[in-house]
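Here's the structure, in structure tokens; my notes come after.
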Amino acid sequence: MSEARLRELYEQMLLLRHFDQLSLQLKLKDLIYSGYHPYEGQEAVAVGFCGALESDDMLLSTHRPHCHAVAKGCTLEAVLTEMMGRVTGCSGGLGGGMQYLDPDHNFYCGSVVGSNLPIATGIGMAIKQQGLDRICMCLFGDGASNTGSFHEALNLAAIWKLPIVFVCENNQFAEAMPVREFVACERISMRARGYGLEEITVDGNDVEETRRVASALIERTRRGEGPFLVEALTYRLRGHYVGDPEKTYRAREEVEVWRQKEPLTRARKKLLQAGVNAAELDAMEQRIQDKLETLREWALQQAFPTLEQAIDHVYIPLGKGENTCH
Amino acid sequence: MSLITYGEAIRQAYREEMRRDKNVFLMGEDVGRWGSLYRSSKGLLDEFGPEQVKDAPISEAAIAGCGVGSALMGMRPIVEIMYIDFITIAMDQIVNHAAKWHQLSNGKIKLPIVFKTQGGAGRRNSSQHSQSLENWFVGIPGLIVVMPSTPYDVKGLLKSAVRDDNPVVFIEHKSLYFDKGEVPESEYLIPLGRADVKRTGEDVTIVATSWMVSFALKAAERLEEDGISCEVIDPRTLWPLDQETIIRSVKKTGLCLVVTEAPAEGGWSGEASSVVHEHCFGELKQPVKRHCGLRTGIPYGPVLERQVVPSEESIVEAVQELVTRGALITVQSGTYNFMEGKDADVDGIDHAHVGRSDGRGGRAFLEETGGRGR
């Protein structure tokens with residue numbers, strides 16, 4: 001990968017890192033109300049995979065969605081203010097931090113673990129049947145790989161050869177449950193064999209690697225070779241949510257070991273080795289922080305949805321739909 | 001008009017809608033090769049091909065999720081869950097996604113999905129293949145719930161459900177597939193959300209759903225011979241409920257019996273009953289009476305399963321009791337006293353009469369079994 005390309009990816013990861021930190025601060029001030037699931041340490045997955053999609057490709061995300069959303073192209077304004085419950089959010093402030101829909105950017109997430117895999121099959125089926133030049137990517141965690149929905153969806157996608165890239169973002173913990181104790185096989189990607197699919201594992205903390213693999217799989221999926229299941233190995237540097245009792249499931253030393261391997265440090269080191277000026281990277285980071293500070297101030301000014309808005313669109317009044325005949 | 005079965009009426013609806021719109025497709029377990037369990041899609045795989053008639057693996061969550069995803073992409077899926085008992089596996093998709101996305105997208109996303117299934121007793125399948133679970137869906141904002149009782153209704157309502165932009169839970173009844181009824185030769189639609197007065201009458205309003213409608217009609221015929229004139233209303237759509245038709249009728253008759261196969265407790269029958277109490281209190285000669293399935297798992301075999309749900313005979317008895325009670329109170333006191341009903345059930349619910357072969361009613365059974373019947 002060229003130095004310029006890596007620099008771009010690094011910049012995107014920096015944006016996500018600082019966006020996550022800004023969100024964390026807002027959560028600590030109780031300006032984000034729902035459970036907030038920090039993304040720190042996993043940025044190479046969002047940038048590598050979600051960022052490799054075209055704007056009309058479909059992306060299904062999880063209960064830890066904010067960085068996936070931004071990497072897919074949702075605006076920082078819409079994602080942040082959704083978390084803050086403001087009317088300018090993706091779902092008008094009615095979804096909150098774990099569940100929102102942004103059809104304009106083909107981004108959908110929800111807070112029931114594993115639920116998005118079956119929905120991906122429907123999207124993939126429609127794309128295939130309608131002959132569209134689009135694909136669907138579905139992100140989920142190691143925890144979701146233990147749900148019945150995972151199995152049902154993988155099997156259906158495989159028998160119907162649907163254009164879907166399933167990405168298991170293995171951050172080593174399903175809430176407080178370490179993957180090594182709660183997943184029977186050594187690698188989640190090994191489960192792909194059970195569906196007649198290739199076993200693909202990628203270092204999820206190496207953004208060059210995630211992007212390279214993502215682009216290749218997306219390309220192959222466009223050619224009709226899908227579906228694919230890829231496991232991206234990464235590590236959740238913070239708790240499942242802010243302030244969770246971390247010591248009940250992992251040692252501080254373990255976190256420190258992984259911190260040495262986190263994706264931004266690695267990318268920056270490579271850039272410096274390639275001769276990029278550290279001051280230049282620092283300036284880049286400062287620009288991002290300034291931009292996010294402006295975003296924060298703007299977000300705090302945004303209105304909350306009204307009760308009228310909250311109970312609107314529960315369903316379409318009968319006889320009011322475009323396709324109804326009564 | 002032609003005389004066809006409920007199953008054939010469903011097949012006609014599929015055929016007409018799939019021809020009209022290529023985005024309409026049917027997906028489910030054995031809907032293709034078998035033409036569905038009760039043959040309601042027989043022959044459609046040959047006619048429309050595997051893109052519009054899809055056999056799916058036994059994966060209810062994936063089938064329902066496939067409905068959500070494909071509807072998101074502009075298709076109009078009819079996803080069949082073979083037995084409503086299996087919809088438990090698909091609940092996450094229906095309740096957490098299909099019912100929520102229109103609202104979560106501020107109205108931008110429409111999910112025109114028909115979750116089509118069948119429920120109820122009558123085919124000797126015991127408690128994991130015979131349940132009446134419609135109440136769950138009535139309780140979920142965002143879903144339309146339809147339960148057709150005749151060939152005419154099932155065709156017209158299914159076509160409307162396919163064309164409606166909301167997710168619709170469409171619940172057929174396994175004991176109705178081979179019932180015949182008159183259906184017009186030409187195309188027609190029945191609007192969702194409208195009840196049908198199946199029989200007009202003056203003395204009692206019977207509100208009955210699905211399989212119970214046919215029993216209510218037969219009971220009404222017998223009661224007519226005894227001089228009791230019953231109006232039978234089939235809501236057809238449980239939610240949104242056509243309150244107006246029910247209210248209009250009860251204001252006329254002053255007596256109302258709600259009959260469902262599902263147990264009364266926590267159910268739609270309570271919703272219907274409340275609507276009547278809220279709007280017709282002044283006109284009511286007696287509190288609304290509910291005559292519903294016993295709160296039990298459907299027992300195995302042809303005899304017991306019929307005894308735990310209302311029947312023609314038990315509806316006749318329930319109406320007679322309601323009428324007698326209403327007449328007594330009116331004559332004796334000239335006013336309403338809801339606590340003085342003759343032989344009122346302890347819990348105010350008239351459970352399906354059990355052990356009718358020896359003439360004992362539901363209450364006797366309950367007393368005899370120390371309440372085990374519940």
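Just so it is clear, none of the values below were taken in a lab; they were calculated from the coordinates. Just so you know, these numbers come straight off a predicted model, no measurement behind them. Note that each Cβ is placed from the backbone with ideal geometry, even for glycine, and that neighbours are counted across all protein chains shown.
Tabulated data for the structure shown
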{"read-out": "Debye-sum result for the stretch A:231-326 in log10 I(q)/I(0), which assumes one identical scatterer on each alpha carbon, at q = 0.11, 0.21, 0.24 Å⁻¹", "value": "-0.74, -1.13, -1.17"}
{"read-out": "Per-residue mean of C-beta atoms belonging to partner chains within 10 Å, peptide A:109-121", "value": "6"}
{"read-out": "Residue mean of other protein chain beta carbons inside 10 Å, B:90-102", "value": "4"}
{"read-out": "Principal axes of the stretch A:181-249: Cα extent on each, largest first, Å", "value": "46, 28, 16"}
{"read-out": "Value of [θ]222 nm, deg cm²/dmol, for chain B, DSSP H segments ≥ 4, -39500 (n - 2.57) each, nearest 500", "value": "-10000 deg cm²/dmol"}
{"read-out": "Most to least packed among B:51-61, A:118-128 [average Cβ atoms within 10 Å]", "value": "A:118-128, B:51-61"}
{"read-out": "Kirkwood hydrodynamic radius (C-alpha pairs) into Stokes-Einstein, the stretch A:13-162, 37 °C and 0.692 mPa s, D in µm²/s", "value": "211 µm²/s"}
{"read-out": "Exercise: per-residue mean of other protein chain Cβ atoms within 10 Å, B:106-118", "value": "3"}
{"read-out": "Over the stretch B:100-244, equivalent-ellipsoid semi-axes from the Cα gyration tensor in Å", "value": "28, 18, 15"}
{"read-out": "Rounded Å value of the spacing that divides the Cα centres of the stretch B:106-180 and the stretch B:11-81", "value": "15 Å"}
{"read-out": "Per-residue Cβ neighbour rank within 10 angstrom, fewest leading, A:Tyr39, A:Tyr249", "value": "A:Tyr249, A:Tyr39"}
{"read-out": "Cα gyration tensor category, rounded, prolate or oblate, for chain A with a/c compared to 1.5", "value": "rounded"}
{"read-out": "Antiparallel bridges, percent of DSSP beta bridges restricted to the protein assembly as shown (to nearest 5)", "value": "20 percent"}
{"read-out": "Placed amide H near B:Thr205: partners under 5 Å, 5+ positions off or other chain", "value": "B:Glu231, B:Leu255, B:Cys256, B:Leu257"}
{"read-out": "Relative intensity, log₁₀ I(q)/I(0), of the protein assembly as shown from a Debye sum that treats every alpha carbon as a point, q = 0.05, 0.06, 0.12 Å⁻¹", "value": "-0.30, -0.42, -1.20"}
{"read-out": "Translational diffusion of the stretch A:115-231, µm² s⁻¹ [Kirkwood Rh, Cα pairs; Stokes-Einstein; 37 °C; 0.692 mPa s]", "value": "230 µm²/s"}
{"read-out": "Pairs from A:Lys291/B:Lys100; A:Lys29/A:Lys270; B:Lys198/B:Lys285 whose Cα-Cα separation, in the structure shown, is over 32 Å", "value": "A:Lys291/B:Lys100; A:Lys29/A:Lys270"}
{"read-out": "In nm, spacing of pseudo-spin labels at A:Lys291 and A:Val314 (7 Å Cα→C-beta vector)", "value": "4.1 nm"}
{"read-out": "Among beta bridges that DSSP assigns inside the stretch A:111-186, antiparallel share in %, nearest 5", "value": "25 percent"}
{"read-out": "Relative contact order for chain A, counting Cα pairs under 8 Å that sit 6 or more residues apart, in percent", "value": "22 percent"}
{"read-out": "Span-like helix ranges in chain A, DSSP H, alpha carbon extent 30 angstrom or more, Kyte mean at least -0.5", "value": "A:3-28"}
{"read-out": "Alpha-carbon centroids, the stretch A:1-27 and the stretch A:170-193: separation in whole Å", "value": "27 Å"}
{"read-out": "Cα principal axis extents for chain B, largest first, Å", "value": "67, 43, 40"}
{"read-out": "Highest to lowest packing among B:162-170, A:148-156, scored as the average C-beta count within 10 Å", "value": "B:162-170, A:148-156"}
{"read-out": "Cα-based Rg and Dmax for the stretch A:22-89, where Dmax is the largest Cα-Cα distance (Å)", "value": "12.2, 36"}
